[in-house]
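Written out below as structure tokens is the structure these notes cover.
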Amino acid sequence: MKRFAVLGAIVISGITAVGVTAQGLPGITEIEHISGNVYKIFGAGGNTVVFVRENDVVLVDTKLPNSGDAIMAEVRKVTDKPIGMIINTHSHPDHMGSNNQISEMSGSGVQVIAHINTERRMEAATGPFGASQVDTSFTDRMTLGEGADRIDLYYFGAGHTDGDAWIAFPAARTVMAGDIYAWHMSPLIDPGSGGSMLALPTTLTRAYYGMRDIDHVIQGHGGVSTWEEFRSFMQFNRALVAQAEATVQAGGTPEDALEALDRAPSFAVFLDHKLKPGLEYGGTPWSRALINLRVVFQELRGEEPQLIMGVEDPHQH
Ligand SMILES: [Zn+2]
């Protein structure tokens, strides 16, 4: 709970959903068309995906608390249909914070869906915003609807948390990855919510080979990647864990492992020293790689892995 509180503290106080939040996080920006009936709204927490079905609208993730009005204002730019369903990628408050508000605004009948481990966390009422109801959960895979309305939900294992759902829209050849893939850099690992750096490469590999015909990967925060970019992200995280294992065996440090990874030119984008424009919290890709090496070292040594929000990047520019 202590670790969850650390993450909650980032987003707990005085939130506004438009412009810049009270924490200085970027506010909501104009809804963007991604592909087919899939749109994305950036800001005020994680990305919100908007999927327009024949009779209603499905939202994936609902940002920080009190973002409901701003989200709905963007949805209304593309459709007048009612919200029928909310799917949450995981239990962090910057992804499900406005579930209750949007459900209330939309009247009864908004169905909330999440992975079973996420359901348990959302309903436990131990987070900074209290409980949030989940109506339907899934364990490995679930398909909703058909044709243009079809949604495939997948769970491939732990990474960012132990409830990271992947939400695919086959007609749009698009998947929403959630925070297991954010900002095209190694993801934040939240061990207090069951996250694991050691598990991450296997989870990403299962996702890469387990989903078919995807062209667009929407990240939990930040932008949209190609399937090929997602593959390079998978390969980097696999290399990071492999390098950590080799370095632990050789008696080295996370810094030694990072130096070895830095020698591979193909990994440059994942070890960059520039802050991503619009980044809400955390540091450079290089600092996240070092954090995740520290986390996986803890896991490999049988220590309890810790949530590490930031380390200094001496070369940040
Ligand atoms: Zn998260």
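Quick notes on this structure:
- The set of residues in segment 76-105 being more than 16 Å from the ligand (Cβ to nearest atom), crowded, with 22+ Cβ neighbours inside 10 Å and in a helix (DSSP H, G or I) consists of I102 alone.
- Residues in segment 106-120 that are in a helix (DSSP H, G or I) and within 14 Å of the ligand (Cβ to nearest atom): N117, T118.
- Residue, nearest to V175 (Cα to Cα), within segment 46-67, restricted to residues that are away from the ligand (no atom under 16 Å from the Cβ) and in contact (Cβ under 8 Å) with a residue 40 or more places away in the chain: F51
- Elements of type strands (runs of 3 or more DSSP E) in segment 130-240, at least 3 residues being in contact (Cβ under 8 Å) with a residue 60 or more places away in the chain: 165-169, 174-178, 216-219
- Exactly one residue out of A239, A257, A246 is surrounded by fewer than 15 Cβ atoms within 10 Å (Cβ to Cβ) and of a type in the set (A, V, I, L, M), and it is A246.
- D215 within 24 Å of H95 (Cβ to Cβ) and either within 16 Å of the ligand (Cβ to nearest atom) or surrounded by 20 or more Cβ atoms within 10 Å (Cβ to Cβ) (or both): no
- The listed residues are F230, F236, and the only one of them that is away from the ligand (no atom under 16 Å from the Cβ), of a type in the set (F, W, Y) and in contact with a strand residue (DSSP E or B) (Cβ under 6 Å, 6 or more places away or on another chain) turns out to be F230.
- Qualifying residue in segment 121-140 (condition: touching a Gly at 6+ places or on another chain (Cβ under 8 Å), over 23 Å from G282 (Cα atoms) and more than 14 Å from the ligand (Cβ to nearest atom)): no
Each value in this text was obtained by applying a stated rule to the coordinates, not by laboratory testing. Keep in mind that what you see is a predicted model, and the values were worked out from it rather than measured. Neighbour counts are summed over all protein chains in view; Cβ atoms, including those assigned to glycine, are modelled from backbone coordinates with ideal geometry.
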